[in-house]
Every structure is written in structure tokens, then in C-alpha cells.
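To start, the structure under review is shown below, and the notes come after it.
The values are calculated or read from the model by the stated rules, or taken from the named source; none is laboratory data. In this text, all values refer to a predicted model and were calculated from it rather than measured experimentally. Heads up, the Cβs are rebuilt from the backbone with ideal geometry, glycines too, and the neighbour counts pull from every protein chain shown.
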């Protein structure tokens, strides 16, 4: 994927050439050392292959014994006889909470990235970058604790507002006004806070790479700061911001503890995001694992496999976009 | 050429009256003034309407700030300036929105956690402590975290560093491409999936039981890609001239890497490793699946269940009593302090050892 | 529309470092004024103070006056955005907007200033491309990206973009230094045509170029590295190159340093 690696050490035109060639390695020290490092690489591959094989075997075992439809069943009753479980609610809840997180986090993250690169007084830029890094370093369980004990009570007012004024959109309608907002919406807000740093940091790097010449071109035409950003910065940084968002999405999809603590989960699939209920893959695994039977565990592994594939696709898409962008910016450098 | 003169696009622009570069502009303090006014109105509305949550106050103030900027600038200056100023105020608002949750989180954790931190809390386990008893402590969880993270680091750091060396110094052809690809894949593995894998492999297939070490194995999966990536970046920063100079002196390649390349990049590698340690120290999900929790002190990570700080926080949160919430906040403060200290030291090393190639 | 520039007592700083010191000069309308001098003498910095681009650099600030037909660019209440609309600029490296088509590149400034009518845009884009001697080469591919053109064509595209908004002054910061000799010749010819309509100021490293294109030439120099650059003298180009009044100018012209 990152083919740049190949070009990292420039083609040696010097004595190094001999040592770079594989046959040049003759000394035992060299052989051991290159063996160790190559072995580590191979070990990684074996590890990943093993992950795929074991997850698939266990998952297949569970799905073959499922008396429901694994894709469309709402319930998760893997411990009962006959076992009935499906990922419909989990898939829906995972996507909805992640979409909410993205809708909140992406604009704010791009805003912060622009703030750091174009708006902040210089004295503020450095400390702010540090604050963002701290935000990234806070463990997810602490976010979960804060979300459940601080954010949930404080969001009560906002959710009843949304219900009151925007209830007609169905999405923001609350079936029982006044219930604690332990719902997908709150989970989405918490996820937004958690993925903010990664989107901000990647976007900031991309925005920094916008050549000064493009911005000067716009400025010299008499563009205001915003017009400069719109004409020169955002078009150039767009694909990078998209892939940053995808990386954030990958995080949001797999986040466990923040959702477990904030969401009061159920087998319900509803468009009312302010109603408690629903669930996500990760939270479902964490909350059902304790009492799971042997088949129950395999069922959870099957759902984990689905989550794995989804995050894999999202992250893969992000990397493809980044790789494309490299070619693109290289051509214009 | 006179053709273009008559079609002068600025003919329609009122600002470009000949010889007039200046136009009415808002005073320099205007944005700050609008911000203060918006906050005042937000607070007043919040009080008047009896809105319980400060989040609502803040949202009202933010919306007023952005809208107010537009309306006032459009009136005093013009639409273009208004748009520019709105974006400026929106971007500032984003900054505030980012800082507020972090501040709130840190403030809440310190306020609620600090009163728990004392010698007793740090030196006792939860053995025999019921959920609504006061007392109890995190000693067993600290032991668990240190051992699990320590073991994970012992395994992940060598594998990660060697893999990075392979990619930068030896890697050619298909194997290197595959390794790079799968490191990317590993970066995106959700922690709970890493836990599930070790569960499927270590416990369900190989038949080992729950233990601190099983948790470490999952942490290894999460840690390796971080170590590989950061080490790789640092190794790439080492100028090729250094390698060539050493090789040209007849130093074997492995000694060149060991004596020239690694020491040059050591500061950056250390930073990356510490950040990776800080990251896995906060992982809860795999511990939940693999270590299973234990209220008592278990110093042996290879036999029997253990606890860990993140797991302890979750466990106490689930109990749901006043006393257990207090313990959760106390543990959260200990965990944050641990992670932040690692971060601070890591960044300190990065700054101290920073290669001069940085921007 | 071309305007006269009167600079008096102008100094520019990067943070605490003084880049140019106390420069005063007059630039005549409808003429080409060239700035020459060794690297680091502040000629580019000075050029960028003439449309307030200098302050875009972090830490950049300016003292002194720049009068554009009696109006001070640095007067209170003056909007830098309005200044840059009036004083256009062409940069050392061609910098067309990479994501925009040739047409959109030329139309960019017009759209900023509120011209959106298609017929009007079409006319002005055509006139500007003709004015930049580029029309015949690109008229069939106006919707292709500007980054697909050759270096010389890109630079002429940038000139077209700058003149499309009918500035009063056109600043050129070493516009040919990244180009091959044939493209350079094309740009020099173009400058000769453009001076009929605009006040042109050009920074160049190439003394032959200054001699070929300019009516007046200003020589900048600095006492030592780290010292601010100063204006040594400004005069008719012919005199600067034949009979300069300052010894340093003659040394530089004759290739004894720089």
C-alpha cells in the first residue's frame, strides 16, 4: 500500500550497493540480524492469518447453530435453547452512533485544524496541539465514566429540547419524554469527542502540506482569509480530510467502553435516536460476555468478525484515499 | 484593450470606488465584544428559562455568537467580510467546543477522584469489600495493570522494532509490501476484536484459562502496529549518509544498524514506545474478556484471574453505588495520572532528542 | 487605471529582524520598474510590501508609507484585501490553482469580486488570456486543469489571472526564474505589452532581463549578511547600466560580486 517505503533509502550509488543486495549478507551476525527482523515481519503475517482463521472457525460454528437469521434477527439470545441471535440491531446501532459521531466530529475537527493552522495566535497554537494530544491519550473507560456520570445528566435538557422543537422530524422524537438520555445520540456525542483528536491531527497535517504558493495566489487576487481557505486550502486538503474522517470512523465503529457505559441497550431497533435502547457490536460483546455459554461466546465471536470486516473496509478505504493523494500531490509538487 | 476597460468587473463593486481602499471596518475589539454579549445573553436566557444544563447555555451563546457576527458585520461592512468573520468566529467556536469537554473531564475526575487518593486506597485491594462499603482500594488493580502492560511491552517492543527494522533496512519485494499492509490492518483492529482473537486462540483452542498473561497477549496485538509505525518513521529520518559512511568503513550491516542507525533514532523510538504503552494501559475491553477481574491481590500474571485499573473502573461503575462511583473516580484519576505522566515523559524525550530535521 | 506608487521611509521586519531599511522611491505609472540586487538584499520583501503580502508571513510587519495615487496602503481603515485587489501579483513559481480548470483559474478573481454572469465572465476570460498571449494555445481546452500546461504557459495563465481583475499595479516576483529561455522571452514580450495598461514592478536576478524589459531600475544591496537591505539607487535603466552614480552598483552590474 505504502509504496513510498521502497523509495525511502534512495538507490545507493555507493559501496552500500553490495550490502543492500540480499546475496551480500554473508557474516553470521548479519544473517542472524536480518533473520530476526525478517522473522518479526513473518510472525506478524502469521499472527494476522491466525486471527482470521480462528475467528472464522468459531464464527462459522456459531452461525451454523443459529435458529434465527444471523443478519436480520433482532434478538441476541445465544444462551437459550434453541439459540436465536442476529446482528440487525447491532449493525444499525453501530452505524447510527458512528454516523452521529462523524456528523459532529468532522466539522469541528476541520474547524480546529484550521484554527491551529490559520487562525490561532501563535502562542495558542502549540498548547492547543498539546491539548488535542491529551484528549487522545485519555483512556476510553474514563470517557465512559465521565459520559455516564456527567454527560448523561447534563444532556437531559438538550434532549428534551430536541424532542420539543424537533420532535416532528421523528428522529428526535422521544417516546417517553424525560427519560435519561442513555441513547444512541449520547453515545454518538461521546464517540465524537473521542474521535475528535485523530481527525484533527490528520487533517492538520494535510492542511499544513498545502503549498504556500497556492494560498498566496488566492491572497494576491484579493481573497479574504475564508476565500483563500475555500479556494486553495480545502480543495487541496479534501481527500486527506476524507481519509482522516474514515480513520475516525474506524475508531468509532469499534469503540467499546464508552458505549457500554452510556447506552442502556436493548433488542430494539428504532429510528428515534433519543429513545434508550439499541446496541453496538462492541458494546454487545462486552455486556454479554460475562454470562455467555460456549455457544454464546462463539456467537459473540461471529459478531466480532463482522465488526472486524467493517472496520477493515473503512480503514482500507481511508488508506487507499491517502495513497491516491500522495500520487496526486507528488505530481503537482 | 479598451474593451476590457468598459467591462471592468469592479465597476459594479461599490467598494472599489476609485482611490478608496479604505472602507468602514469594525473595531478590533468587535469579535471579543460580540462573544461577551453572546455569553451574557446565553447566560441570561438560561437563567430566565430555567434551563437546567449548562450545555444548553453554551449552545445558545455559541449560536448567538456566530449569527451575531454575521448580522453585525453584514450591516457594518459587507457580505464578503461578514462571511469571512463568520468563519473566523465558527473556527474559534470549534476551538472552545474542543477544549470544554477535556476541561470538564479532567476537572470532574480530579474533583471526584482527589478525595479518594490516600495511602489506604493505593495500598489495599477490594478483598471483602462490599459494593456499598466505603474503603477498599486499587492496589491489586495497579499490580495487574503493571504486570499485564509490562509483559505486553516485553513481547511487543522487540517484535515491533525488529519489524520496523525489516521494513526500513531490509524490506524489499512482496513480503515487505504484505507486512506493511497488515500493519495497517492491525492499526485498525478494535480492541474488543483483539480480545476475541486471543479468546478464540489462547483460551478456546489451546485451552489455557483466564489470566493476566492472556490479557497481555491481546495488548500485544494492539501495541505492535503502534510500535512498528513510530519506529519506522524514526528510522526513515536517519539520513542515509550515516549508513553509507558506516558501511564504507567496512562495518557489517547489522553492526551499522545496531551502532549507528538505532542510537540515532533512539529518542524517537522511545517516545513512540512510551505512547504505545500509555495507549494500551488504558484498554479495558480485552481485559474484560481475558483477565476476568479479581477483587484480590494476585501477583502471578500467569495463573488465575487478575484485575487492572481500567477494568476496576468499569467494575466499580457497574456496581452503581455512591461508594463504588467514588472508587471508580479515584481509580480514573490514578489511571489518567499514569497515562499523562507517560505522555509527558515521552514528549519530553521527543523534544530533548528531537532530530534537527523536524519542521 | 495605472497608478503611481510613492514609497517613503519604508522598513519591513520579520519578527525582530529588520529585512529592509528606510526605503523611499517613486514608481511611475505605465512603465516597468525593475528591482535588482544580490540574494537576500530584500528586493522581494520590498515588492511584497507594495501589496501588503509581506504581513501574510508570520511575524511580518511594516513601518512607513506606500502611497498609491495619494492613498496610503498602510493607512488606518485600509483593508489589505482591497489593496491586493488593486495591486496584482505574479509569483516566482507559477501557481495556478491545481484543482481548477484554466477558465476557472482566470475567472477566480472575478468571481471573488461578485462577477458571476456567464457571458461577462466568458468575455473577460477571453480578453485576459489574449492579453497574456495565451488564448490561442488554450482556447480549445479551457476546461482542462491549469496544472496540465507547461511551466511558461502556467506562468502566463497566472498573469492572465492577475490582469483579469484589472489591477492598477502588477507586481512580478522573478516571474521567469523557473522558466526556460523561450518561455522567458514570451513573458518578456508580454511585459512590454502590458506596460501600456499597468504600472509594472518586476524583481529579477537576471540583469540582462532588467536591461531588456525595464524603463527604470532600482539597485538594492545589503551591508552584510544579517543586515537589512537598502535601496542604493534608482534611475533610468540605461543610466544604471551605462553610468551608475554609485560605485557598488557598477561593481554589481559588471559582475564583481553578487
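Taking segment C:38-88 as the range and being within 13 Å of the chain's Cα centre (by Cα), touching a residue at least 60 places away in the same chain (Cβ under 8 Å) and within 24 Å of residue C:219 (Cβ to Cβ) as the test, the residues that pass are C:43, C:44, C:45, C:46, C:47, C:48, C:50, C:51, C:87.
Name the single residue, out of those in segment A:83-108 being touching a strand residue (DSSP E or B) at 6+ places or on another chain (Cβ under 9 Å) and without any contact (Cβ under 8 Å) to a residue 24 or more places away in the chain, that is nearest to residue A:310 (Cα to Cα). Per the stated criteria, the residue is A:86.
Per-residue answers, yes or no, for (1) buried (at least 24 other Cβ atoms within 10 Å of the Cβ); (2) under 22 Å from residue B:213 (Cβ atoms):
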{"site": "B:289", "(1), (2)": "yes, yes"}
{"site": "B:292", "(1), (2)": "no, yes"}
{"site": "B:313", "(1), (2)": "yes, yes"}
{"site": "B:318", "(1), (2)": "no, no"}
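Please go through segment C:208-235 and pick out each residue that is out of contact with any strand residue (DSSP E or B) (no Cβ under 6 Å at 6 or more places or on another chain) and either part of a strand (DSSP E or B) or surrounded by fewer than 20 Cβ atoms within 10 Å (Cβ to Cβ) (or both). Talk me through it step by step, then tell me what you get.
Initial filter on segment C:208-235 (out of contact with any strand residue (DSSP E or B) (no Cβ under 6 Å at 6 or more places or on another chain)): C:208-209, C:211-212, C:223-227, C:235.
Listed by number, the residues that qualify are C:208, C:211, C:212, C:223, C:224, C:225, C:226, C:227, C:235.
Considering segment A:164-185, the residues that are more than 17 Å from residue A:108 (Cβ to Cβ) and buried (at least 20 other Cβ atoms within 10 Å of the Cβ) include one that is farthest from the chain's Cα centre (by Cα), namely A:174. Could you tell me which of the residues C:35, C:91 is surrounded by 19 or more Cβ atoms within 10 Å (Cβ to Cβ), closer than 28 Å to residue C:146 by Cβ, under 20 Å from the mean Cα position of the chain (by Cα) and within 14 Å of chain A (Cβ to nearest Cβ)? Just a single option satisfies the conditions, and that option is C:91.
Within segment B:87-108, the set of residues being within 14 Å of residue B:337 (Cβ to Cβ) and facing chain A (nearest Cβ under 7 Å) comprises just one member, B:105. The residue list B:171, B:136, B:150 contains one member that is crowded, with 19+ Cβ neighbours inside 10 Å and either under 28 Å from the mean Cα position of the chain (by Cα) or in contact (Cβ under 8 Å) with a residue 60 or more places away in the chain (or both), which is B:136. Could you say whether any residue in segment A:85-97 is assigned to a loop (DSSP other than H, G, I, E, B) and either within 30 Å of the chain's Cα centre (by Cα) or farther than 26 Å from residue A:296 by Cβ (or both)? Yes, because at least one residue in segment A:85-97 is assigned to a loop (DSSP other than H, G, I, E, B) and either within 30 Å of the chain's Cα centre (by Cα) or farther than 26 Å from residue A:296 by Cβ (or both).
Entry remark, segment C:102-135: residues being more than 10 Å from chain A (Cβ to nearest Cβ), in contact (Cβ under 8 Å) with a residue 40 or more places away in the chain and crowded, with 19+ Cβ neighbours inside 10 Å number 7 in total. Take the residues in segment A:36-46 that are surrounded by fewer than 19 Cβ atoms within 10 Å (Cβ to Cβ) and at the interface with chain B (Cβ under 7 Å from one of its Cβ atoms); name whichever of them is nearest to residue B:193 (Cα to Cα). Across segment A:36-46, the extreme among qualifying residues is A:45. With respect to the stated conditions, residue B:155 fails to be assigned to a loop (DSSP other than H, G, I, E, B) and out of contact with any strand residue (DSSP E or B) (no Cβ under 6 Å at 6 or more places or on another chain).
The rows are residues; the columns are (1) under 24 Å from residue A:41 (Cβ atoms); (2) assigned by TED's automatic domain parsing to the domain that holds residue B:279; (3) surrounded by fewer than 24 Cβ atoms within 10 Å (Cβ to Cβ); (4) at pLDDT 90 or above.
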residue	(1), (2), (3), (4)
B:203	no, yes, yes, no
B:216	yes, yes, no, yes
B:227	yes, yes, no, yes
B:233	yes, yes, yes, no
B:238	yes, yes, yes, no
B:242	yes, yes, yes, no
B:250	no, yes, yes, no
B:254	yes, yes, yes, no
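The set of residues from segment B:188-220 being within 7 Å of chain A (Cβ to nearest Cβ), assigned to a helix (DSSP H, G or I) and within 21 Å of the chain's Cα centre (by Cα) comprises B:191, B:192, B:193. Whether any residue in segment C:63-86 is closer than 18 Å to residue A:212 by Cβ and touching a strand residue (DSSP E or B) at 6+ places or on another chain (Cβ under 8 Å) is what I want to check. No, segment C:63-86 contains no residue that is closer than 18 Å to residue A:212 by Cβ and touching a strand residue (DSSP E or B) at 6+ places or on another chain (Cβ under 8 Å). Counting only helices (runs of 4 or more DSSP H) that fall entirely inside segment A:109-175 and contain at least 1 residues that are at pLDDT below 90, at the interface with chain B (Cβ under 10 Å from one of its Cβ atoms) and out of contact with any strand residue (DSSP E or B) (no Cβ under 9 Å at 6 or more places or on another chain), the qualifying elements are A:122-137, A:152-166.
Examine segment A:250-263 for a residue that is part of a loop (DSSP other than H, G, I, E, B) and facing chain B (nearest Cβ under 10 Å), and state whether such a residue exists. Spell out the reasoning first.
Going through segment A:250-263, the residues part of a loop (DSSP other than H, G, I, E, B) turn out to be A:255-256, A:263.
When the remaining residues are screened for being facing chain B (nearest Cβ under 10 Å), the result is A:255-256.
Yes, that holds for at least one residue.
Here residue B:293 fulfils each of the conditions (1) on the phi > 0 side of the Ramachandran plot; (2) at pLDDT 90 or above apart from (2).
Taken as a whole, the structure leaves residue A:128 outside the set of residues that are over 30 Å from residue B:341 (Cβ atoms) and in contact (Cβ under 8 Å) with a residue 12 or more places away in the chain. Just one residue in the set A:302, A:318 is modelled with pLDDT of 85 or more and crowded, with 18+ Cβ neighbours inside 10 Å; that residue is A:302.
For the condition surrounded by fewer than 21 Cβ atoms within 10 Å (Cβ to Cβ) and at pLDDT below 90, residue C:148 qualifies.
Conditions (1) more than 10 Å from chain A (Cβ to nearest Cβ); (2) surrounded by 23 or more Cβ atoms within 10 Å (Cβ to Cβ); (3) touching a strand residue (DSSP E or B) at 6+ places or on another chain (Cβ under 9 Å); (4) without any contact (Cβ under 8 Å) to a residue 40 or more places away in the chain, marked per residue:
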residue	(1), (2), (3), (4)
B:280	no, yes, no, no
B:298	yes, no, yes, no
B:323	yes, no, no, no
B:344	no, no, no, yes
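Could you check segment A:284-302 and list, in sequence order, the residues that are at the interface with chain B (Cβ under 9 Å from one of its Cβ atoms) and assigned to a helix (DSSP H, G or I)? Before you say what the answer is, go through the steps one by one.
At the first step, the residues of segment A:284-302 found to be at the interface with chain B (Cβ under 9 Å from one of its Cβ atoms) are A:285-286, A:289-290, A:294, A:297-298, A:300-301.
A:285, A:286, A:289, A:294, A:297, A:298, A:300, A:301 - these are the residues of segment A:284-302 that are at the interface with chain B (Cβ under 9 Å from one of its Cβ atoms) and assigned to a helix (DSSP H, G or I).
The single residue among C:140, C:180 that is away from every other protein chain (no Cβ under 14 Å), over 21 Å from residue C:33 (Cβ atoms) and touching a residue at least 24 places away in the same chain (Cβ under 8 Å) turns out to be C:180.
If only one of A:79, A:61, A:69 is surrounded by 15 or more Cβ atoms within 10 Å (Cβ to Cβ) and more than 14 Å from chain B (Cβ to nearest Cβ), which one is it? Show your work before the answer.
On the way: A:61 fails: more than 14 Å from chain B (Cβ to nearest Cβ); A:69 fails: surrounded by 15 or more Cβ atoms within 10 Å (Cβ to Cβ).
Selected residue: A:79, the only one of A:79, A:61, A:69 that is surrounded by 15 or more Cβ atoms within 10 Å (Cβ to Cβ) and more than 14 Å from chain B (Cβ to nearest Cβ).
Inspection of segment B:246-265 finds a residue satisfying the criterion of being outside any helix (DSSP H, G or I) and either more than 11 Å from chain A (Cβ to nearest Cβ) or touching a helix residue (DSSP H, G or I) at 6+ places or on another chain (Cβ under 8 Å) (or both).
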